[in-house]
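Notes follow the structure.
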Amino acid sequence: VRHDDGPDPGGPAALVLAGRAWRGGRLEPVEIAVGEDGRIRSVGRVRDAGRRHDVGDRVILPAATDLHVHFRDPPGPTGVESIATGTVQAALGGVGLVGEMPNTSPEVSSVDALDAKEARVRGRAAVDVLLYASPGSPSALGALAARAGAFKLYLSPTTGIDRPVPPEELPGLLGRLAGLGLPVTVHAEDPSRFLDPRKAENPAAWNRARPPAAEEAAVERLLKAAPPALRVHVAHVTVPSLVTKLRSAGVSFEATPHHLLLEAKAKADARFKVNPPLRGPAERTGMWEAFRAGQIPCVASDHAPHALDRKQGPFDLAPSGVPGVETMLPLLLAEVRRGEVPLPVVLSSLCDRPARWLGQPMGRIAPGHRANLLVVDFRARSTVRADRLHAPAGWTPFEGREAIFPVEHWRDGERIVADGEFVGRPGGTVVRPDFAPQPP
Ligand code: DOR
Ligand code: ZN
């Protein structure tokens, strides 16, 4: 046991969690002292504890942050999810904070819409929620920025977005956003490179219709237009060449579990229709290699469930999107167990970097961070099955894959998941970024 992580300020801790954690390049026994304020006070050996919870040789991990979900609340006529149902899946999947996207109906592009959305989080969310806004009218941008957690820009049409940002307006908009200080996520596909997607009838054709070139062109345009002061992040990158390009430009980005693990098949139905599309083996393998080498700063689920009857209906009419918030970390922990990716890579890209991107004091087991923690038993492998998940949509694109679900999930030192069941209360709050220096 190491003792060097920090002055225990003395007095009994409210809680001590004892188990193993990843420290200094290996799994070691630790005791994590949590204060009354729900923050980690020290990591090391603790003398006095009000309450001690010992998980033996199970592994304590920081809870993940999922930068990108569509809980679609208010659900509109076709929605199958809500803040309440989505955040329970997040809790069970080891995600302690979600970034909720604004492409609902109505779109979250005004302070009123943001107020309404906040009211839907209060008393209903199992984990914390950061709310993205769409930039509405230029004159209202400042008021919106004072309340939102981040902005989302769509450069192409997709679910709920008929009018993407026109190319000629992009530089001016990015310039205005740069002065506001909030993180800005961009859906980067260039619709001028699409080949009549209405004719596509399966996921392989969808990939050809919204090709990698559309993503490359949009990122090119974004990099040209983005002022240096802008905190800009590219959503769901699917193309290995863009990993290189964005890394050398110093721009943040994410990859999704579906683009890392699944390929576009001609013999699949519209459950596998998603924007940007699933790609072929070359891109998929390249993205996985980049991921396991630690070159993907963030992994986010882009959780976007749609009703099964619409996803199994005619391909051209089916909405794009796949659920994934509950399976993101469990699928990747199973890959860790198989030796396909190092644990610290998963901790960095699912826990640490996304939380830092959103200015949140969580994602590491370190003094000052929120005690948002998971307990994982790497021997407890299971198989993803839709009927064992908690998505009201009732299906998953990851059916049959191996996963390791967290056994416990603690939020600010309070247990919200025990024995893999949600036992918490809907105490999640709306958070906003704080880019003052965070605890180390
Ligand atoms: O597949 C997608 N679904 N891509 C998006 O950009 C939006 C999302 C949704 O909202 O369903
Ligand atoms: Zn999305």
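Readers should treat all values here as calculations from the given coordinates under stated rules, not as data from a laboratory. A quick note: this is a predicted structure, and the numbers were derived from the prediction, not measured. Note: ideal-geometry Cβ built from the backbone for every residue, glycine included; neighbour counts use all protein chains shown.
Of note:
- Selection of trypsin sites (Lys or Arg not before Pro), the stretch 320-375, meeting DSSP coil and at most 16 other Cβ within 10 Å: Arg338
- Helix-only mean residue ellipticity at 222 nm for the chain, each DSSP H run of n ≥ 4 adding -39500 (n - 2.57), per residue, nearest 500: -6500 deg cm²/dmol
- Relative contact order of the chain: 20 percent, from C-alpha pairs under 8 Å at least 6 residues apart in sequence.
- Label-to-label distance for Glu220 and Asp269 is 3.8 nm, based on points extended 7 Å past Cα in the beta-carbon direction.
- Distance between the 7 Å Cα→Cβ label points at Glu340 and Ala146: 4.8 nm.
- 20 Å reach of a label modelled at Arg23, 7 Å along Cα-to-Cβ, counting backbone N of the stretch 343-383: 343-348, 351-352, 362-378
- Spin-label model, Ala205/Thr383: points 7 Å from Cα along the beta carbon direction are separated by 3.2 nm.
- Mean separation of Cα contacts under 8 Å, 6 or more apart, over the residue count of the stretch 71-195: relative contact order %: 21 percent
- Computed from phi, the 3J(HN,Hα) profile of the stretch 193-210 under the Karplus parametrisation 6.51, -1.76, 1.60 (θ = phi - 60°) reads 9, 7, 10, 4, x, 5, 7, 6, 10, 7, x, 5, 5, 4, 4, 5, 6, 10 Hz, with x in place of Gly and Pro.
- Scalar couplings 3J(HN,Hα) for the stretch 340-345, obtained by applying the Karplus form with A = 6.51, B = -1.76, C = 1.60 to θ = phi - 60°, are 7, 8, x, 3, x, 5 Hz; x denotes Gly and Pro.
- If the segment from Val111 to Arg45 were pulled out straight at 0.36 nm per residue, it would be longer than the present Cα-Cα gap by 19.0 nm.
- Residue separation of Phe422 and Leu195 scaled by 0.36 nm, minus their Cα-Cα distance, works out to 77.2 nm of gained length.
- The mean sequence separation of alpha-carbon pairs under 8 Å and at least six residues apart, normalised by the residue count of the stretch 132-285, gives a relative contact order of 22 percent.
- Taking amide hydrogens as placed 1.01 Å from N in the peptide plane, the amide H of Arg39 sits under 5 Å from those of Ala371, each at least 5 positions away in sequence or on another chain.
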